[in-house]
Amino acid sequence: MVIKSRGNMTEPNNEKTSNLRILMVTDYYLPQMGGGTRYVHEVSKRLAKRGHEVHILTPKWENQSKNEEIINGIKVFRHNVTDLPILRYWTQIFNVRRYFKRLVQNVSYDLIVFYQFTSALGIVLDRKALNDAKTVWTFFGPPHKEMNLELSNTPFPCQYFVLEWLYKKIFLKVEIAFAKKSTQFELGMCDKVVVLSSYAKKELMELIPGLSESRICLIPAGVDIGQFGPANVSKIKTRQQLGLPEDRLILLTVRRLVPRMGLENLIRSIPFISIEHKNILLVIGGRGFLKDRLQKLVAGLEIRHYVVFAGFIPDPKLPIFYQAADLFVLPTLALEGFGFPPLEAMACGTPALVTPVGASPEIMKKFDPQMITKGTDPQEIADSINAFIRDRNRTALSSSRCRNFVINNYSWDKAVSQLEKEYVELCGRREE
């Protein structure tokens, strides 16, 4: 869309054209990494390359000093926020609203895309500030369910028992109920809702039973097939780069170390696997508050020889870990809204095994139903890994077939083309 200036205000003119001015409102952005961050970054940079003007509005978390910066040609605005659990959501809602009102005094957006309820609420409450902008919510999954699973088990950052009790018994329950009601309200206010999987759509319809199908758009996410690809050196060389043994059969998982990721069950599966396959090695990448507990579990099971904690794996090294592995395992217990790691591993030519949770089965059954475990318990995970090891040379699991599956079904160019079409059509309707 051609942008004309009127004093300090820039606004879209009435001429029909496909270029848009888009504001992405998200709780997390670079340099923080995670599935949500990766999604926003990949979509925004590709939309910018297609001629759209994309801005990001996000909190300024710890160790982030700049309120404004440009990343890959995208202008990023950061508002202040506190890390204190009791106050984080409330200050975020207030601060994002205040920053947004300042922003729209100088910029008129065609489209505003939301990703989480906290940042969204501060803006949708003020319909006047939105002007004529269309709104889209990209729904990764139900936030109240994730909060209940994760925050209930997260250590409280304070040694006072009374404060921890008050938070977990009162404030957390209020936050979870607030998250559910806020999400329902905000989704109801948005013009369009994008979901990444049929599973996410099911969760959405459960959250808002009366939501019209015409307002829902299912567009799977993608994988950067340039960043994630087969190694141009041997597997031995990739392992040497990482300091991993050359002669072991390596199982890899990359997860946040939190309960719903299923890492305890994966670790408990190792004794069942090592009975038959003595040369396995499980490499766990990621960080989180469960690390000490997981390490104690490994020690208690006397399987230190079979498990390595690699810690946080920075993005540039992630493809090398995928390339070095023989099998990637996603042992999720709950709420897998899409799941980037299995597809990233497959783009690198490494087969992936997933539990039948969330969106994982609908993705993997198109590739090979045998790469879905029967359940999430340790024995079921072990059975599937043992079956893979016994038959891992079959053609269906070849490196080229893994990569081609991702290229043909989950490229970012395909995903962003579909998103762009939806965005342009949505904004075009108000010009008719």
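Roughly how tilted is helix 412-428, in degrees to the nearest 10 and between 0 and 90, from the longest Cα axis of the chain?
Tilt of helix 412-428: around 20 degrees.
For a protection proxy built on the mean count of beta-carbon atoms within 10 angstrom, sort 111-121, 302-312, 208-218 highest first, please.
Top to bottom by mean Cβ count within 10 Å: 111-121, 302-312, 208-218.
Output the peptides 103-109, 25-31 sorted from most to least packed, where packing is the average of other Cβ atoms within 10 Å over each peptide's residues.
Per-residue mean Cβ counts within 10 Å order the peptides as 25-31, 103-109.
Taking amide H positions as placed 1.01 Å from N in the peptide plane, with prolines and chain starts having none, which residues 5 or more places from Thr332, or on another chain, fall under 5 Å of its amide H?
Thr355
Against the empirical 2.2 N^0.38 Å scaling, what ratio does the C-alpha Rg of segment 62-139 come to?
Normalised Rg, Cα atoms only: 1.13.
Which of the peptides 88-99, 340-351 is most tightly packed, and how do the rest follow, going by the mean number of other Cβ atoms within 10 Å of each residue?
Descending packing order for the listed peptides: 340-351, 88-99.
Which ³J(HN,Hα) values in Hz, rounded to whole numbers, follow from the phi angles of segment 186-193 under the Karplus curve 6.51 cos²θ - 1.76 cosθ + 1.60, where θ = phi - 60° and Gly and Pro get x?
5, 4, x, 8, 7, 6, 8, 10
Scale the Cα Rg of the chain by the rule-of-thumb value 2.2 N^0.38 Å and send over the ratio, two decimals.
Rg over 2.2 N^0.38 Å, computed on Cα atoms: 1.03.
Could you tell me the extents of segment 235-409's C-alpha atoms along the three principal axes, largest first, rounded to whole Å?
The Cα atoms of segment 235-409 stretch 43, 35, 33 Å along their principal axes.
Say the cut-off is 30 Å between C-alpha atoms; which of Lys235/Lys365; Lys134/Lys366; Lys201/Lys296 go over it?
Those over the limit are Lys134/Lys366; Lys201/Lys296.
Quick note: the coordinates plus some simple rules give every number you see, no bench work behind them. Values in this document were obtained by computation on a predicted structure and should not be read as measured data. Positions of Cβ are backbone-derived with ideal geometry, glycine not excepted, and every protein chain shown enters the neighbour counts.
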